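What follows is one structure encoded as structure tokens, with my remarks underneath.
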Amino acid sequence: RRRAVHAQRVLAAIQCMRSASSQPYSSAQRPLVVLAAVAAIALADAATMQCARPLRVAVIGGGVSGCTLAHALKEEVAAGRVATTLFEMGRGGGGRSATRKTRDDGRVAISHGAPSFKVTTQKFRALLDGLPAGTTKPLPKPVGALVGDAFEPDGDDRRAGAGGAAALCDALLRDSGADPRFRSMVRGIERADDGAWALRGTDGSELGRFDWLAVSGNGVAHDRWTATFGGEPPLKAAAASLGDAALDAAIAAVNGVTSKPVMAVMLAFDGAAAKSWAALPWSKAAVDGDDVLARVVVERVSDDVTNVVLHSTHAFAEKNRDVYGATSTAARVGGAMSDASREDALVAALLSSAEARLAAFDAALAGPFYGPHLHRWGSAFPAGVLVPPDAAVVPSARVVFLGDYVDTGRAGTLEGAALSGLAAAEALVDAAAAA
């Protein structure tokens, strides 16, 4: 069929050339005319392809903001105006809304970062309503605080991903048309000779060239990169040679955002222990007045399995910032500098605080079938001065920043991350239209 179409196009081109000529072609000229027609079609096709090349967007980070951006660009991708590639260090999307799993036991699915979220804006509600039914669900039990020996609910409505926190990002990516590159860390960024952004992986090999960078999470531009992975932050290093005042100002704004770290201890229980934990009256309970333990999250994932996650205070995590947890992505993929010899002591401290605060409840921390495992969220919550929305988009450098550190009115929340992803998508749609 393709050959027939091509033959028809060649004949049409010959006819056009014949009509433009005042003299008939001789038998010796006819092969040359056919070659000229084929060449004309090829040149026309090349010009069309060059004009129609989509805007190549690299999304660095597969958390909620990056996955929301990919989802919001799906119509542009389908129309051929944008091509989205998402780079994520973890095994899947989610970021701090990830779900920890293991090949050793299929029952393990622990939402160890952001297990639930509020919906307060119409934009976020519309985003969720556009996803497949059953992507999210209401929390089965309230969120509140432990006050003495009693639990006091806060009365706020919250939702969670059905089947784990990562379900939201899974749904956002599923029909986005994006090319997800999981277990892929961006270690180098440079401006190539052709003007594109060239990204490099942990081994120095080129990951691809792109017209725009969408920086989901601010790690590649933030000075904390040096303490975690060593070397200068990749985007900051690249910007140093460009002399783009707007990009320099944006990176300075990004570095004005500090972060509050959190450590999490993950456990999963089955049998009678799972039922005892599931009987507690909360999904998440804040713990006040404890120097080590900040909250206790309980997640019933099946009739026989209940997850428990203990979140540390910011002060405890900050004091022990050199420990990431041997099973964390930062350590496994990124090579984060971590003192593994101290993990057991930190786990023991969190377990001890939890046992003391939960003594009045019928729930024991002994005997999990999974865990305890330690994980550090190095930038769990933004602090300090947030990045203004107008500083987050840098058209001159073709860079846009997105994440819960951008001031959307809901900073530090999953909703805020999603709102920043939607705003970044609007900027990129405008860029694609202007290209």
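The values are calculated or read from the model by the stated rules, or taken from the named source; none is laboratory data. Computed from a predicted structure; not experimentally measured. Neighbour counts run over all protein chains shown; Cβ positions are idealised from the backbone, glycine included. With ligands, DNA and RNA removed, areas are computed over all heavy atoms of the protein, side chains included. Shrake-Rupley method; radii C 1.70, N 1.55, O 1.52, S 1.80 Å.
Contact map, the stretch 413-435: residues that are part of a loop (DSSP other than H, G, I, E, B) and modelled with pLDDT of 95 or more paired with residues that are open to solvent by 40 Å² or more (accessible area, probe 1.4 Å) and of a type outside the set (A, V, I, L, M, F, W, C), Cβ distance under 8 Å, separation 6+ or inter-chain. Pairs shown: Thr413/Lys118. For the stretch 239-259, residues that are touching a residue at least 60 places away in the same chain (Cβ under 8 Å), buried (at least 20 other Cβ atoms within 10 Å of the Cβ) and β-branched (Val, Ile, Thr) total 2. Report yes if Gly90 is in contact with a Leu (Cβ under 9 Å, 6 or more places away or on another chain), of a type outside the set (Phe, Trp, Tyr), crowded, with 20+ Cβ neighbours inside 10 Å and modelled with pLDDT under 95, otherwise no. Spelling it out, it is not the case that Gly90 is in contact with a Leu (Cβ under 9 Å, 6 or more places away or on another chain), of a type outside the set (Phe, Trp, Tyr), crowded, with 20+ Cβ neighbours inside 10 Å and modelled with pLDDT under 95.
This table checks each residue for (1) over 30 Å from Ser276 (Cβ atoms); (2) open to solvent by 50 Å² or more (accessible area, probe 1.4 Å); (3) in contact (Cβ under 8 Å) with a residue 12 or more places away in the chain; (4) among the aliphatic types (A, V, I, L, M).
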| site | (1), (2), (3), (4) |
| --- | --- |
| Phe361 | no, no, yes, no |
| Pro368 | no, no, yes, no |
| His375 | no, no, yes, no |
| Ala380 | no, no, yes, yes |
| Gly384 | yes, yes, yes, no |
| Pro389 | yes, yes, yes, no |
| Ala392 | yes, no, yes, yes |
| Ala397 | yes, no, yes, yes |
| Leu402 | yes, no, yes, yes |
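Of all residues in the stretch 261-294, those that are closer than 19 Å to Ala359 by Cβ, hydrophobic (A, V, I, L, M, F, W, C) and in contact (Cβ under 8 Å) with a residue 60 or more places away in the chain total 13. Pairs meeting the criteria (first residue in the stretch 105-130 and over 27 Å from Pro261 (Cα atoms), second residue of a type in the set (A, V, I, L, M, F, W, C) and not in a helix (DSSP H, G or I), beta carbons under 8 Å, at least 6 apart or on different chains) are Asp105/Phe369; Arg107/Ala268; Arg107/Val301; Arg107/Val305; Arg107/Phe369; Arg125/Val119; Leu128/Val119. Within the stretch 344-356, work out how many residues are crowded, with 21+ Cβ neighbours inside 10 Å and modelled with pLDDT under 95. Here the count works out to 0. Based on what the data block shows, is Asp390 under 17 Å from Gly256 (Cβ atoms) and part of a loop (DSSP other than H, G, I, E, B)? Answer is no for this residue.
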